[in-house]
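Visitor: Just passing along the structure, written as structure tokens.
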Amino acid sequence: MGRRRGLGPGFTKDGDGGDDDGGRRAAWRLPVARSAIPPPLPANGTVHDRTWLPELRATLCCTAGLLVVMLLVDLANGTLTPWRAGCWVAVALVLFAVLFPPRVTAGDGWLRSRGLVRGHRVETDRLVVVRRTDGMAPRLVLRDARGGRVELDPKVLSANPVLWHRLDQGVRRSRERGLLRCGAATLQVLADRIDQDGARAVFEASGLE
């Protein structure tokens, strides 16, 4: 009697089939690549950027700190007046508006990015264009069939696997409908990066790295 060996890591057994000698054969295949962290979806179907609040707090601390420094410098030099204080407050408010992080939310078939004043929304299951703009601040540009347009930082999706999962669901539907004809390479690069970041997070949490 021969000993049956257990399945090695990274392999699954599809089944057994008979051959001419009446023996049994095991069919082996490599596993399909999957996301490192299967994202659990909330009951209400709406997901939010979990890094938004920390970034908002950092923006508030930065602008408040700059305002305090400018006021203290004027106070130390004896040049602080109501007019100058108002100017420094205006400068701090402009800086806050520039640094304000857009809040990204997504649901079944849609994604929205809301800034300080207004927001933008696209239907992810009707996307026609997906492209990436490089530069000092890389952006992922999404455009749907109804003219909706959203720009977001790809790092938001990397830091939020559930947001990425929502977007990926919509992209698949857009492809099935024949709407999305460009952007496959951009999305694949982003998906690979998200999987790598997720795998690295798992290794770090388990102490394997």
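Visitor: Identify, among VAL117, LEU95, LEU80, the residue whose Cα sits farthest towards the positive end of the charge dipole of region 63-162, taking +1 on the Cβ of Lys and Arg and -1 on the Cβ of Asp and Glu, with the dipole about the Cα centre.
Guide: Comparing the listed Cα positions along the dipole, VAL117 ranks first.
Visitor: Provide the per residue accessible area, probe 1.4 Å, for region 49-97, rounded to a whole number of square angstrom. Walk me through the numbers before you get to the answer.
Guide: Values: 3260 Å² over 49 residues.
I get 67 Å² per residue for this part.
Visitor: Starting with the highest mean, order 169-176, 155-162, 134-141 by the number of other Cβ atoms within 10 Å, averaged over the residues of each peptide.
Guide: Numbers: 169-176: 17.4, 155-162: 19.4, 134-141: 11.0.
Ranked by mean Cβ neighbours within 10 Å, highest first: 155-162, 169-176, 134-141.
Visitor: Let me ask something else. Just order 182-191, 105-114, 72-81 by mean Cβ neighbour count inside 10 Å, highest at the front, would you?
Guide: Values: 182-191: 14.7, 105-114: 18.8, 72-81: 10.9.
Output ranking for 182-191, 105-114, 72-81: 105-114, 182-191, 72-81.
Visitor: Averaged over every viewing direction, what's the projected area of the C-alpha convex hull for region 101-158? Give it in nm², one decimal, please.
Guide: That works out to 4.1 nm².
Visitor: Go through region 179-189 residue by residue and turn each phi into a ³J(HN,Hα) via Karplus (6.51, -1.76, 1.60, θ = phi - 60°); whole Hz please, and just put x for glycine and proline.
Guide: Running phi through 6.51 cos²θ - 1.76 cosθ + 1.60 with θ = phi - 60° gives 8, 8, 10, 9, x, 5, 5, 4, 5, 5, 4 Hz.
Visitor: Across every pair of different alpha-carbon atoms, what Kirkwood hydrodynamic radius in Å does region 71-172 reach?
Guide: Numbers: mean 1/r = 0.0628 Å⁻¹.
In region 71-172 this quantity evaluates to 15.9 Å.
Visitor: Ranked from highest to lowest mean number of other Cβ atoms within 10 Å per residue, what is the order of the peptides 96-102, 83-89? Display every interim value, and only then the final one.
Guide: Values: 96-102: 15.6, 83-89: 12.7.
My ranking of the peptides, most packed first, is 96-102, 83-89.
The values are calculated or read from the model by the stated rules, or taken from the named source; none is laboratory data. Keep in mind the model is a prediction, meaning the values are calculated, not measured. Every residue, glycine as well, gets a Cβ built from its backbone with ideal geometry; the counts of neighbours run over all protein chains shown. Heavy atoms of the whole protein, side chains included, go into the accessibility calculation; ligands, DNA and RNA do not. Shrake-Rupley method; radii C 1.70, N 1.55, O 1.52, S 1.80 Å.
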